[in-house]
Amino acid sequence: METMVRPSNGFLSALSADDYELIRPHLRTVDLPHDAVLAETGETLTRAYFPHRGVISLVVKLAKGEHVQVAMIGRDSLLGTLSTMGDACALNTAIVLVPGTASVMDLDRLRCAADQSGTVRTLLTRHGLAVYAQVQQTAGCNAAHPVESRLSRCLLHTHDLSGEHRLLLTQEAMAQMIGARRNSVSLVANTLQQANFIHYSRGHIQIVNLDGLRQTACECYAIVKAQYDRLLGAR
């Protein structure tokens, strides 16, 4: 019988009692401050993060200084999935997009749990595939879809991952999320506000009409959500 309430994270919640006990003694809770860098590209990742609240942005940094988001991780998953299966070198930079809290543990401990339990290994693999599906769809979306659809997709996804209707997102952060210029983001955010889908002022966004955003978003939002539901179970 479990002696403590599990943190509200999708990966941890999906573990059996025996599998969770392999991990529980090594977990500790940390804050995720806004804009905190959890890993830099090329660094050896040493810790796995399981967000309870907040969103982690996975970012590719280009030679001319541009930053482009390729995926987000929130309360449904974890940062460090693929590093438990092989090379622990970070493939991208991980930055806190929406502040919150997370459980954290040494990656070596998580790797040991995966070595001891086939079901932990399977769950890690499925979470890794879900993030890969998001990266793949994001690449296609940013290359082919209009800015308005892309921004609506990202706002919906950020809402899903954080559980928050009020978000602190600057124009620079939103431009990074969808691979667009800041002036394009400003115009589109104003359009969404005029449609009364969001309220936006000085980096503060309140989502007021989820259905309106869903109608404006491209098919990529529903595709990624369906892949997560298939691989991880309905959120």
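Between His199 and Ala36, the modelled label-to-label distance comes to 2.9 nm, taking each label 7 Å out from Cα in the direction of the beta carbon. So what is the relative contact order for the stretch 1-111, in percent, with contacts set as C-alpha pairs under 8 Å and at least six apart? 39 percent. Accessible surface area normalised per residue over the chain is 48 Å², counting heavy atoms of protein chains with a 1.4 Å rolling probe. Here the stretch 107-155 and the stretch 30-86 have alpha carbon centers that stand 11 Å from each other.
Give, in nm to one decimal, the length gained when the segment between Asp108 and Met85 is fully stretched (0.36 nm per residue of separation minus the Cα-Cα distance).
Numbers: separation 23, 0.36 × 23 = 8.28 nm, distance 1.08 nm.
Extra length available between Asp108 and Met85 comes to 7.2 nm.
Over the C-alpha trace of the stretch 1-138, radius of gyration and Dmax come out as 14.5, 54 angstrom.
Using a/c under 1.5 as the rounded threshold, could you call the stretch 147-235 rounded, prolate or oblate? The axes a ≥ b ≥ c are square roots of the C-alpha gyration tensor eigenvalues, and prolate needs a/b larger than b/c, oblate otherwise. Judged from the Cα gyration tensor, the stretch 147-235 comes out prolate (a/c at least 1.5, a/b above b/c). Counting pairwise Cα distances across the chain, what percent come out greater than 29 angstrom? Considering the chain, 26 percent of its Cα-Cα pairs are separated by more than 29 Å. Counting protein heavy atoms only, the chain has 51 percent of its accessible area on carbon and sulfur, 1.4 angstrom probe. Along the stretch 182-198 the Karplus relation, 6.51 cos²θ - 1.76 cosθ + 1.60 evaluated at θ = phi - 60°, assigns HN-Hα couplings of 4, 5, 5, 5, 4, 5, 5, 4, 5, 4, 5, 5, 5, 7, 6, 8, 9 Hz to successive residues, with x for each Gly and Pro.
Loop-resident trypsin sites (Lys or Arg not before Pro) (DSSP state other than H, G, I, E or B) in the stretch 62-169 with no more than 15 further Cβ atoms inside 10 Å of their Cβ: Lys64. Phi angles of the stretch 49-56 translate, via the Karplus equation with coefficients 6.51, -1.76, 1.60 and θ = phi - 60°, into HN-Hα couplings of 10, 10, x, 9, 9, x, 9, 9 Hz per residue; Gly and Pro are given as x. Scalar couplings 3J(HN,Hα) for the stretch 58-74, obtained by applying the Karplus form with A = 6.51, B = -1.76, C = 1.60 to θ = phi - 60°, are 9, 10, 9, 9, 9, 4, 8, x, 5, 10, 10, 6, 10, 6, 10, 10, x Hz; x denotes Gly and Pro.
Scanning the chain for GluC sites (Glu not before Pro) lying in DSSP loops with no more than 14 further Cβ atoms inside 10 Å, the longest uninterrupted stretch between such sites is 67-235.
The values are calculated or read from the model by the stated rules, or taken from the named source; none is laboratory data. A quick note: this is a predicted structure, and the numbers were derived from the prediction, not measured. Every residue, glycine among them, receives a Cβ derived from its backbone with ideal geometry; neighbour counts consider all protein chains shown. What goes into the accessible areas is simple: the full protein's heavy atoms, side chains included, and nothing from ligands, DNA or RNA. Shrake-Rupley method; radii C 1.70, N 1.55, O 1.52, S 1.80 Å.
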